[in-house]
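Please treat every number below as a calculation from the coordinates, not as lab data. Quick caveat, the model's predicted, so the values are computed rather than measured. Virtual Cβ from ideal backbone geometry, glycine too; neighbours counted across all protein chains shown.
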Amino acid sequence: MRLSLTISTLLSAVSAFSRKVPAQEILQTNDAAPTFDEPVAQDIPTIHESAVMARRIAELAAHGDLVTTFPTHSSSYIARNDFGAEALPSGLESSPIGMIEYLANCESGTGNPTMLAIDIATPYRNYQAGSNISLSIRWWPAEKNFYAASWWSKITGKAKRQDIPTPHTPAALPRISLHGRLERIPNRGLDGFYLAQCFVRKHPDSVYWQPNAPGAAHESHYVRFVVEQVYWFGGFGDRARIGWLPIEEWHSVTQREIDECRLPGEE
């Protein structure tokens, strides 16, 4: 009887806290805006700490958005598909386009993501036509819809910055934009075997479009994204660093630092 009463009480409490609070009720509770603790400068990660987190994001990432621009002369761009050929629509010259791409950390220690380039894919054809290229990668922890019940703290005006429902909100989680160039990776011999094995381990479905795979729909080859510049967005600016990271810091990060680093929300 006592157990059932306790459960009933808890359910009632959860229901009360989860109900939608009318705006006028919130205003009547406390007219003053919530006050927050002043940010402490040393709480913001250093440039090197930010570089370590950026490297870990790149190492764990399974996919990212590859951004290129269409050529300036549409007549030189022919989009070939199963239905024939189609010229680039008028007005899209120099227009950017971002497409999702599979990533894998198959050259550990370099900081250069590995990709399986499909020759007819838009990003790679744009790059071959002279486009600059960048790779956008975001960090997202294991799927969980958890938010701290700090809305009550906000209403009462007793909120602290660490009580804001983060890090499990996309706006507060770190992400990187890598800028550089593509280099073809030779896919032959034992090195080619281990490269394919590494990539397929990360993306089992990619076995169907491996280079020279029997029955493959399109030609493909492996490339490394050689990182030359790194833009880091660590989260909200009062607790994270935002801006360009020196490429020297990116390359100076050790594997031990990457392994020991834990990103927001990472188990």
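Structure notes:
- Judged by the mean number of other Cβ atoms found within 10 Å, the most tightly packed of the peptides 213-220, 105-112, 52-59 leads the ranking 52-59, 105-112, 213-220.
- Each of the peptides 90-102, 246-258 was scored by the mean count of other Cβ atoms within 10 Å over its residues; in descending order, highest first, they stand as 246-258, 90-102.
- Within the shell defined by Cβ-Cβ distances under 12 Å, the residues around R55 carry a net charge of -4, with Lys and Arg each +1 and Asp and Glu each -1.
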